[in-house]
Amino acid sequence: MEKHFSAFPANSAILQENELHINIFPLRAASYFTMSHISPIFRNRQILAFKCLRRSFATSARQRAGEVRIVEVGPRDGLQNEKTSIPLPVKLEFIRRLSGTGVRNIEAGSFVAPKWVPQMANSAEVLNDLLRDPPLPPVPIAYNFLVPNFKGMQNFLNSVESSIPEGDSAPITSPENPNAPPTPPPSPPPEKWEPGEQGPITSTGNPNEMPSSTSGVDDPVQPGKSSAASNQMEVSLFTAATEAFSKANTNCSIAESLERCRPIVSLAKSRDIRVRGYVSVALGCPYEGSDVDPHKVAEITATLLEMGADEVSVADTTGMGTAPKTQELLKALFAAGIAPKDLALHFHDTYGQALVNAVVGLENGIRTFDSSVGGLGGCPYSKGATGNVATEDLVHCLHSLGGHTGIDVEKMAEIGAWISKELGRPNDSRAGKAILARLSSK
């Protein structure tokens with residue numbers, strides 16, 4: 001296939017327009033993270049295209065070419081729907097094992113009322129352990145705790161303060177300057193920009209270098225390379241994309257839930273704590289069906305970013321999402337002026353579409369994805385929804401496409417098998433089981 005690169009100068013460019021071709025599955029995986037791979041081909045007539053201004057909310061540092069950030073949600077989202085009680089030592093061991101894989105973001109718990117989510121009842125003890133006896137990961141880690149309301153945020157802060165010896169300070173500040181104010185949104189641009197225009201980031205280095213076929217990790221994991229002091233504590237909050245789910249989950253409307261988020265974000269920012277937002281049921285609702293309005297999702301996402309959230313994870317809580325619907329959702333988010341760097345995608349694999357949807361997100365410039373080792377997960381308020389996309393499957397997919405995650409997929413596979421056995425449930429990671437079978441045959 002002939003490749004065309006179209007440069008977009010600062011003000012305008014003369015482009016050929018009629019057909020836009022985006023090849024989701026390139027012939028050469030190593031070329032996946034080059035800008036030329038996703039560049040549009042325009043034919044027939046010429047138009048004057050103006051490069052649109054974009055809002056920029058993100059405070060995170062620019063990622064290198066091909067770098068994809070994985071947020072491991074197993075200890076929180078992965079465990080919250082388990083039927084049997086999980087002992088605290090198992091949770092702590094779970095987090096410590098994950099901390100040695102090279103992953104940089106881990107959801108560790110939730111300060112939610114135990115009567116609603118019993119598995120999260122000991123989150124304060126988890127936080128206490130991470131602060132008093134932190135793991136020694138190969139890279140700095142941000143441990144995230146869900147705070148569903150202001151009381152949850154206060155409980156989180158009280159736990160932090162009670163866990164730190166007198167005279168010391170809690171390592172809760174993100175290393176990425178979370179207090180930088182977001183850029184106010186401009187008026188809507190006259191032309192909508194195509195999601196493919198953002199594309200993967202290019203670099204003067206070699207972004208296409210493939211990971212080792214033996215280790216399964218693109219950056220060597222070196223135990224003890226990092227220090228416990230460089231770890232961070234962050235919080236997350238959530239709302240929903242449909243009124244019915246919001247009412248079932250939080251007993252309030254979407255508008256009311258957003259208003260509840262404001263004081264949480266304000267308090268977090270006053271303490272230099274990074275905030276992550278979630279928008280649940282963005283691609284399908286157990287009460288309202290699969291036709292969730294993508295423009296409503298975009299409006300909610302923009303509201304969270306404007307109030308100070310550092311990023312928003314848009315979640316397919318039910319696993320109803322498909323490639324076309326994911327594409328449509330991203331188009332609506334980008335049309336609202338939200339940049340890919342402000343977003344994360346969170347897919348459940350109920351219908352086996354999670355990896356396909358993740359590749360669609362990747363094609364559109366998304367570089368942060370949530371996943372759960374062993375495919376753990378489910379939603380207490382969404383009957384029938386199965387687990388998150390398995391971390392092992394997602395990392396294997398990304399590495400095969402030339403992406404960089406810094407994660408040792410073999411270690412992840414071992415953890416997936418271990419925690420599945422501890423929980424007495426099947427290991428839902430296909431890549432994980434295949435990797436372990438290959439290792440056992442050596």
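The values are calculated or read from the model by the stated rules, or taken from the named source; none is laboratory data. Since we're looking at a predicted model, the values are computed, not measured. When we count neighbours, we look across all protein chains shown, and the Cβ atoms used for this are built from the backbone with ideal geometry, even at glycine. Quick note on the areas: whole protein, heavy atoms, side chains included, nothing else; ligands and nucleic acids left out. Shrake-Rupley method; radii C 1.70, N 1.55, O 1.52, S 1.80 Å.
In the context of the full protein assembly, Arg96 retains an accessible surface of approximately 80 Å², using a probe radius of 1.4 Å and ignoring ligands and nucleic acids. If the segment from Asp133 to Glu259 were pulled out straight at 0.36 nm per residue, it would be longer than the present Cα-Cα gap by 41.8 nm. Taking amide H as placed 1.01 Å from N in the peptide plane, the amide H of Ala240 sits under 5 Å from that of Ser280, each at least 5 places away or on another chain.
Could you do me a favour and compute the accessible area per residue for segment 270-418, 1.4 Å probe, result in Å²?
Accessible area per residue, segment 270-418: 26 Å².
Dipole magnitude for segment 293-442: computed about the Cα centre from +1 point charges on Lys and Arg Cβ and -1 point charges on Asp and Glu Cβ, it is near 500 debye.
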